[in-house]
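Working notes, structure below.
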Amino acid sequence: MESASGGTGASDPNSGEPIPSTAAAAPTGASSASQGQAEGSFQAPPSRYESQKRRDWNTFLQYLKNHKPPLTLARCSGAHVIEFLKYLDQFGKTKVHITGCPYFGHPNPPAPCACPLKQAWGSLDALIGRLRAAYEENGGRPESNPFGARAVRIYLREVREGQAKARGIPYEKKNGNGLLQLLRQLFRLMFRYHTVAATSTTPAAATTTTAV
Ligand SMILES: [Zn+2]
């Protein structure tokens with residue numbers, strides 16, 4: 001029941017997509033710093049998931065530090081986590097059409113529009129999964145884990161449904177037809193790879209890119 005919400009690590013195609021290390025919040029390479037402090041006990045470099053999780057955690061701690069009014073981890077609630085997710089939207093690269101846009105519901109708009117770029121639901125879902133794990137690994141108690149709060153689950157569901165409508169891309173329920181779901185995930189993954197490849201070759205065009 002509980003586990004149904006979070007980003008389920010390895011099998012989730014979205015888990016590999018890094019949340020941009022939020023330039024403002026994490027200025028220096030957080031991963032290299034944490035690798036540097038190894039005291040001989042942890043020689044193996046952390047996996048991609050582990051280092052992403054560490055980066056996300058540092059980003060969140062930095063966010064708390066800069067929060068006005070100041071906020072401590074102990075006083076952090078689901079509402080604050082939602083606030084954090086909304087804050088991340090400004091670094092998003094996913095075009096989410098507003099209801100008045102002629103391309104609302106079009107997965108492949110023929111022309112650019114002025115709709116905002118946001119964090120894709122899949123990125124947020126995977127991020128919350130990583131932060132939820134990090135919270136407990138850093139001594140937080142499961143009962144008070146703000147990343148597991150009901151409000152956060154509801155918010156993520158609303159984002160998913162809203163983006164599915166706005167982008168014309170349905171997100172499948174976890175308990176859907178297994179094979180069909182797998183094929184759709186595969187397709188989505190290929191599609192994403194395609195967009196990443198396309199945008200990375202033309203960094204200068206980033207502002208005009210229609211992030212599908
Ligand atoms: Zn639009």
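Remarks
- Within the range 126-175, being over 19 Å from His97 (Cβ atoms) and basic (Lys, Arg) holds for Arg130, Arg132, Arg141, Arg150, Arg153, Arg157, Lys173, Lys174.
- Residue that is farthest from the ligand (Cβ to nearest atom) [pool: residues in the range 86-119 that are in a loop (DSSP other than H, G, I, E, B) and polar (S, T, N, Q)]: Gln119
- Restricting the range 138-153 to residues that are among the charged types (D, E, K, R) and in contact (Cβ under 8 Å) with a residue 24 or more places away in the chain leaves a set whose member that is surrounded by the fewest Cβ atoms within 10 Å (Cβ to Cβ) is Arg150.
- Contact annotation: residue pairs with Cβ atoms under 6 Å, 6 or more positions apart or on different chains, pairing a residue in the range 108-119 that is of a type in the set (D, E, K, R) with a partner that is more than 9 Å from the ligand (Cβ to nearest atom), are Lys118/Asp89; Lys118/Gly92; Lys118/Thr94.
- If the condition is being within 23 Å of Ala151 (Cα to Cα) and surrounded by fewer than 16 Cβ atoms within 10 Å (Cβ to Cβ), then the range 88-98 contributes Asp89, Gln90.
- The range 125-147, residues that are closer than 18 Å to Leu61 by Cβ, in a helix (DSSP H, G or I) and not hydroxyl-bearing (Ser, Thr, Tyr): Leu127, Ile128, Gly129, Arg130, Leu131, Arg132, Ala133, Ala134, Glu136, Glu137, Pro146, Phe147
- Restricted to the range 154-187, and to residues there that are aromatic (Phe, Trp, Tyr) and surrounded by 12 or more Cβ atoms within 10 Å (Cβ to Cβ), the residue that is modelled with the highest pLDDT is Tyr155.
- Residues of the range 51-81 satisfying the condition of being closer than 20 Å to Glu161 by Cα and either surrounded by fewer than 19 Cβ atoms within 10 Å (Cβ to Cβ) or in contact with a His (Cβ under 6 Å, 6 or more places away or on another chain) (or both): Gly78, Ala79
- Condition check for Ala134: touching a residue at least 40 places away in the same chain (Cβ under 8 Å), away from the ligand (no atom under 16 Å from the Cβ) and surrounded by fewer than 15 Cβ atoms within 10 Å (Cβ to Cβ): no
The values are calculated or read from the model by the stated rules, or taken from the named source; none is laboratory data. Since this is a predicted model, take the numbers as computed values, not measurements. No Cβ is skipped: glycine too gets one built from the backbone with ideal geometry, and neighbour counts run over all protein chains shown.
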